[in-house]
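Rule-based calculations on the coordinates, nothing more; no lab input. The shown structure was predicted, so the numbers you read here are calculated from the model rather than taken from an experiment. Because the Cβ atoms are built from the backbone with ideal geometry, glycine has one as well, and the counts that use them run over all protein chains shown.
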Amino acid sequence: MVVYYLVALHFKKQKSKKILLVADYGKIGGTRTYFISLLHYLKKQQYEVTVLMNNQAEDAEIDNLIIALDFTTISVHFDFWCINFENLPSGLTRKQLVSYQLKEMVFWFSILNKKLFSSIVFSTAYPEQYLYIFLLPVKLCYILHTQPLVKADKFKRWILLHKLGRQKQIITVSEASKAAIENYWLNKKRNPCIKVIYNFYEPKFDNNIASNLSGHNKVLTIGSCVEYKNPSFFIQCAKQIIDTEKKNSIEFFWAGSGPLLEECRNCTKDYPQIKFVGNVENVEKLYAASTIYFQPSIEESHGIAVLGAMFHSLPCIVSDKGGLSESVINNVNGYVVDVNSIGDSVRKINYLIQNNQRAKEFGLEGKKIYSQKFTEEIWTRQMKAVL
């Protein structure tokens, strides 16, 4: 009788569409955009979703969306900081760390005990943040929006090497990120259960807007004002071009808020052609009014904003870091530049400004690549295959 019950319970678990969704989505940026898209996708696929909410990260827009989609929530306080057994922080003993991690596992088991979830979906931008959950006896989909930059400790590598499989998969957003996971987490071993599903872009607002009415050339960047997005490099390129451009008909726009926003505004207060406009909800207007899209990131797993530029047929200039070169093919729909060379970016921007026809050709090729790889329809089809 007991065996019959366990078999029936297992069958019910596998066939149900109850998902526990855990997400670090932040206040701004691509991870947040992805999380909102993921919520809508799960609703369309008729999943019964419970969203695990951190009560220290209140967000009225996300809260209202979850209510509108008729999903349930579990509000808890959790702060699982990333710890490496091989590099203990000062003042923390190995015994304390083991105790902390055991408490984390008890927490996850208590959450699983609340409902019979068929699977857990994580959507996070913090590598190694939740890797212990691969020990849980449940189907798992771990969506990572960034890429690891340091080697995980031996225990975490052991977990992934032995637990990754058909029931426990990692989804990442570029081949570059996949390679980093294999390098830092799997001792350079390839694993078919690490799937690459590229980001997609769909306009939120009507994009039927007349473009570039002022006649000025506009170079656009969209992203948080944080160090890895490289706003200081953007500023140096912009100043160099403006200082050598006699007509002053070039404008540079950076859209996005973040901790470096006011510092960047202060650095450019003597350059009215360089505008840090903060967070802009309707980015379609910015794309439509721009001539070139520029993304000089130091790190970038993929970059949704670049896909938006391709959708709007803009030529793109991106750095040679992360997954950016998987969207922008050098000399096809733009240029991939050396992020350590300001001169390289300056030359490429000047060239496209002076060669309108070439810029237009790049933009049209970018729209073709977008249609072939980065639409919502393609993303949905690939997510169905995993979930």
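Odds and ends about this structure:
- For the pair K204 and I378 in one chain, pulling the backbone fully straight at 0.36 nm per residue adds 60.9 nm over the alpha carbon distance.
- Cβ-Cβ distance of V277 and K360, R₀ of 22 Å, FRET efficiency by 1/(1 + (r/R0)^6): the value works out to about 0.30.
- Loop-located GluC sites (Glu not before Pro) in the range 229-329 whose Cβ has at most 11 other Cβ within 10 Å (DSSP): E281
- Extension gain, L112 to I369, is 88.4 nm, computed as 0.36 nm per intervening residue step minus the present C-alpha separation.
- Between S99 and K17, the modelled labels are 4.5 nm apart [label points 7 Å from Cα along Cα→Cβ].
- Shape class of the range 287-338 from the Cα gyration tensor (axes a ≥ b ≥ c, square roots of the eigenvalues): prolate, since a/c reaches 1.5 or more and a/b is larger than b/c.
- Relative contact order (percent, whole number), the chain, Cα cutoff 8 Å, 6+ residue spacing: 13
- Between amide H atoms placed 1.01 Å from N, distances below 5 Å from S319 occur with Q295, S297, V337, all of them 5 or more places distant or on a separate chain.
- Shape call, the chain: gyration tensor on alpha carbons, a/c limit 1.5: prolate
- Of K188, K321, K114, the residue with the greatest mean-square motion in the GNM of the chain, using alpha carbon springs below 10 Å, is K114.
- With at most 12 other Cβ atoms within 10 Å, longest stretch of the chain clear of loop chymotrypsin sites (Phe, Trp or Tyr not before Pro) (DSSP): 206-387
- Stokes-Einstein D in µm²/s, Kirkwood radius over Cα pairs - the range 110-150 at 25 °C with 0.890 mPa s viscosity: 216
- Separation in nanometres of the label points that stand 7 Å from Cα toward Cβ, at E263 and L135: 3.8
- Taking label points 7 Å from Cα along the Cα-to-Cβ direction, Y351 and K44 give a separation of 3.8 nm.
- All C-alpha pair distances within the range 268-378, sorted into 5 Å bins from zero, spread as 2, 12, 22, 23, 22, 13, 4, 1, 0, 0 percent across the bins.
- Equivalent-ellipsoid semi-axes of the range 95-171, from the Cα gyration tensor, Å, largest first: 19, 17, 12
- Listed residues L65, I317, L160: farthest to the positive end of the dipole of the chain (Cβ charges): L160
- For the range 110-190, DSSP calls about 10 percent of its internal beta bridges antiparallel.
- Per principal axis, descending, Cα span of the range 218-334 in whole Å: 36, 32, 27
- Square roots of five times the Cα gyration tensor eigenvalues for the range 105-244, Å: 40, 20, 14
- Compared with the alpha-carbon gap, the fully stretched path from L92 to N340 is longer by 85.5 nm at 0.36 nm per residue.
- Cα shape, the range 247-316, gyration tensor, a/c 1.5 rule: oblate
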